[in-house]
Structures are given as structure tokens and as C-alpha cells.
Amino acid sequence: MYLCVSGCEHRDNGAERVYLLNDGSSVVEHPGLPTVSRWQFWDNHNHRIFKKSVQSAMKQAAERHKKRWKYV
């Protein structure tokens, strides 16, 4: 299934970005943290996702959204 961002929220004056995906899952980005701990992945039942292949697909969707809308 092709994942795409259906909504984006900026919290704490840009310190946290929440990307809502079309399958109900969400990606939380903390831009101020190091690359390893910057991303958190949640499914539509609010459980953490640890499977790397699913994480990379969700991360790619968020990166495509950032590239399209030019978030720095």
C-alpha cells in the first residue's frame, strides 16, 4: 500500500512535527534530536511500530511530504 501524508501538525513552536498518514498511522518527528532518536512511529491502534521495513515506508512518506511542501 502506498502511504502518503493526510495531515501535518506542528507542536511546541516547531519542536515536534506529527504527520498523519492515510492508513490511520502517525509519524512523530523531533527535529532537534539526533538522527537515531528523531523519529517515532505509531500505528492506528496507538501502538509503537518496531519493524524496520514499515518504519522506512512511513519515513519515506514523511520525507516526500517535507520535500513537496518545503519544510526545513
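Quick rundown of the values:
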item	result
Restricting region 1-25 to residues that are in a loop (DSSP other than H, G, I, E, B), of a type outside the set (S, T, N, Q) and without any contact (Cβ under 8 Å) to a residue 24 or more places away in the chain, the residue that is surrounded by the most Cβ atoms within 10 Å (Cβ to Cβ)	23
Residues located in region 31-51, provided they are farther than 16 Å from residue 5 by Cβ and either in a helix (DSSP H, G or I) or among the charged types (D, E, K, R) (or both)	38, 48, 51
Residue in region 1-45 that is farthest from residue 68 (Cα to Cα), counting only those that are acidic (Asp, Glu) and within 13 Å of the chain's Cα centre (by Cα)	43
Selection within region 57-72 - part of a helix (DSSP H, G or I) and either touching a Cys at 6+ places or on another chain (Cβ under 7 Å) or aliphatic (A, V, I, L, M) (or both)	57, 58, 61, 62, 65
Unique match (being assigned to a strand (DSSP E or B), of a type in the set (A, V, I, L, M) and at pLDDT 95 or above) among 28, 54	28
Looking only at region 52-72, and only at residues there that are within 12 Å of residue 3 (Cα to Cα) and free of Cβ contacts under 8 Å to residues at least 12 places away in the same chain, the one that is surrounded by the fewest Cβ atoms within 10 Å (Cβ to Cβ)	56
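The values are calculated or read from the model by the stated rules, or taken from the named source; none is laboratory data. Model, not experiment: these values are computed from the prediction. Note: ideal-geometry Cβ built from the backbone for every residue, glycine included; neighbour counts use all protein chains shown.
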